[in-house]
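Undergrad: Please read through the structure below; I'll follow up with questions.
The values are calculated or read from the model by the stated rules, or taken from the named source; none is laboratory data. The structure displayed is predicted, hence computed values, not measured ones. Note that we place each Cβ from the backbone using ideal geometry, even for glycine, and neighbour counts take in every protein chain shown. Ligands, DNA and RNA are excluded from the accessible area calculation, which covers all protein heavy atoms including side chains. Shrake-Rupley method; radii C 1.70, N 1.55, O 1.52, S 1.80 Å.
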Amino acid sequence: QVQLVESGGGLVQAGGSLRLSCAASGRISRFNVMGWYRQAPEKQRELVATSTSSGSTNYADFVKGRFTISRDNAENTLYLQMNSLKPEDTAVYYCHAQFYYWGQGTQVTVSS
């Protein structure tokens, strides 16, 4: 069983930056696909970005050019660097590891 713990969320002004961390209890190099999802109130959970063990990344159109997903295998941590934040980025952000591991989420709130 793998435990995923997100951190780094908070309240920022529009245009600001945050870096989210997802600390795993196991070796993240063993997961082919990891990713970040987000869910705003009364909205469905949506994919933000994915990272594969071979180094490929994919981003949702609404974050492309602003967010960067990365892994630190030595620290067994997945990151999401979020720049140029917008109020519509406000959501709970969740870490995911293939196939069925989820963190509990961290709140990101972007003010105008």
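Undergrad: How many percent of the accessible area of the chain is carbon or sulfur, using a 1.4 Å probe?
TA: The nonpolar share, carbon plus sulfur, comes to 44 percent.
Undergrad: Something else now. Rolling a 1.4 angstrom probe over the protein heavy atoms, how many square angstrom per residue are accessible across region 1-55?
TA: That works out to 59 Å² for each residue.
Undergrad: Quick one: net charge around Gln1, please, counting Lys, Arg +1 and Asp, Glu -1 for every other residue with C-beta under 14 Å from its C-beta. List each step's numbers first, then the result.
TA: Details: positive: Arg27, Arg30; negative: none.
Value of the local net charge: +2.
Undergrad: Residue separation times 0.36 nm, minus the C-alpha to C-alpha distance between Asn32 and Glu88: what's the value?
TA: Here the segment from Asn32 to Glu88 would lengthen by 17.2 nm.
Undergrad: Separate question: Check which residues have an amide H placed less than 5 Å from Leu85's amide H, if you skip close sequence neighbours.
TA: Placed amide hydrogens put Gly15, Gly16 under 5 Å from Leu85.
Undergrad: Let me ask something additional. How high is the relative contact order of the chain? Use alpha-carbon pairs under 8 Å, at least six apart in sequence, and give a whole percent.
TA: Reported as a whole number, the value is 37 percent.
Undergrad: May I ask you to derive the relative contact order of region 1-42, considering only C-alpha pairs under 8 Å and at least 6 residues apart, and to give it as an integer percent?
TA: Reported relative contact order: 38 percent.
Undergrad: Counting only other residues whose beta carbon sits under 13 Å from that of Leu85, what net charge do I get with K and R as +1, D and E as -1?
TA: Computed value for this residue: +2.
Undergrad: What percentages make up the Cα-Cα pair-distance distribution of the chain when the bins are 10 Å wide from 0?
TA: Histogramming the chain at 10 Å steps yields 15, 51, 28, 5, 0 percent.
Undergrad: Might you tell me the accessible area per residue for region 72-112, computed with a 1.4 Å probe and given in Å²?
TA: It amounts to 50 Å² per residue over region 72-112.
Undergrad: Can you work out the PRE-style zone for Ser70? Point 7 Å along Cα to Cβ, and I want the residues of region 2-28 with backbone N under 14 Å.
TA: Residues passing the 14 Å test: 18-22.
Undergrad: What list of ³J(HN,Hα) values in whole Hz, one per residue of region 56-61 in order, does the Karplus curve 6.51 cos²θ - 1.76 cosθ + 1.60 (θ = phi - 60°) give from phi, with Gly and Pro shown as x?
TA: In residue order, the calculated couplings are 7, 9, 9, 9, 5, 4 Hz.
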